[in-house]
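To keep things clear, I will list the structure first and then write my remarks on it.
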Amino acid sequence: MCYVIITSGSLVWFLCTLVADMLIAAALVTPRWLIGPVQPVDELSSVSSQRQSSVGIYTRCKVMHQVGYHCGRFDLDGLATDSSVYPSEWKAAMFFISLGFALLSVTVLLTLLTCCRQSAFGKSIHNMTACAQVVSGISVMLALFLHPLGWRATRVQRLCGPEAEPFYPADCSIGISFYCGVIGILLTFAAAGISLKAESSNMRTRVRRRVEEGSKLVCIP
């Protein structure tokens, strides 16, 4: 029998997972992990435009004289990229945050699957999804720890000053992308905990009775 079960627990679980996934995606693709000092884009212009160079884990924005403000991804050539261009710590961070994002994206689909199925291969889908979410959160946490280790790189010192070193950004400030990653981690671990509530709500007597009565769609708060 095909049926769909929607409870308040499963809905909160899905929304929490989805928001966490979106935040981690934003942290991955936006260039606002480290933000440099304010610089004029065009010093000859009568109206000076103030912009800030910044770097992320995958992209960067740079104030360039006579060119203006340019954003784009790093010139990557896999893991063989010279460390002066793309620090080794950032390569590892890129791997872990990509792994975490991929796992969390899969769990978004699995949270939807639990509306129709509660188990697969004799295992609870809720439990398997929660484990994947914990692994995802740990993976993104490693990425957020590894990125500051690369702040001794020449690229960062040009942006933030020669005093920049691991966990000390000198003249730079921490950008919104980094905080998106932090909030995404917290929501990911929260979603793993909510999965237990979602599973118990799907197995309540009221839900089972509605299914046994032949209801195709069961919506219970």
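Could you check Gln52 against (1) touching a Gly at 6+ places or on another chain (Cβ under 9 Å); (2) surrounded by 15 or more Cβ atoms within 10 Å (Cβ to Cβ); (3) modelled with pLDDT of 85 or more and say which number it fails?
Tallying (1) touching a Gly at 6+ places or on another chain (Cβ under 9 Å); (2) surrounded by 15 or more Cβ atoms within 10 Å (Cβ to Cβ); (3) modelled with pLDDT of 85 or more, Gln52 fails exactly one: (3).
Please count how many residues of region 138-154 are surrounded by fewer than 24 Cβ atoms within 10 Å (Cβ to Cβ) and either within 19 Å of Val106 (Cα to Cα) or within 14 Å of the chain's Cα centre (by Cα) (or both).
Adding up the residues that qualify gives 6.
How many of the residues making up region 170-221 are modelled with pLDDT of 75 or more and part of a helix (DSSP H, G or I)?
Of the residues in region 170-221, 23 are modelled with pLDDT of 75 or more and part of a helix (DSSP H, G or I).
Considering only region 163-177, how many residues are within 13 Å of Leu23 (Cβ to Cβ) and in contact with a helix residue (DSSP H, G or I) (Cβ under 7 Å, 6 or more places away or on another chain)?
1
Tally up the residues in region 17-39 that are surrounded by fewer than 22 Cβ atoms within 10 Å (Cβ to Cβ) and more than 22 Å from Pro148 (Cα to Cα), please.
4
The values are calculated or read from the model by the stated rules, or taken from the named source; none is laboratory data. Predicted model only: the values in this text are computed from it and were never measured. Using ideal geometry, Cβ is built from the backbone for each residue, glycine included, and neighbour counts are taken over all protein chains shown.
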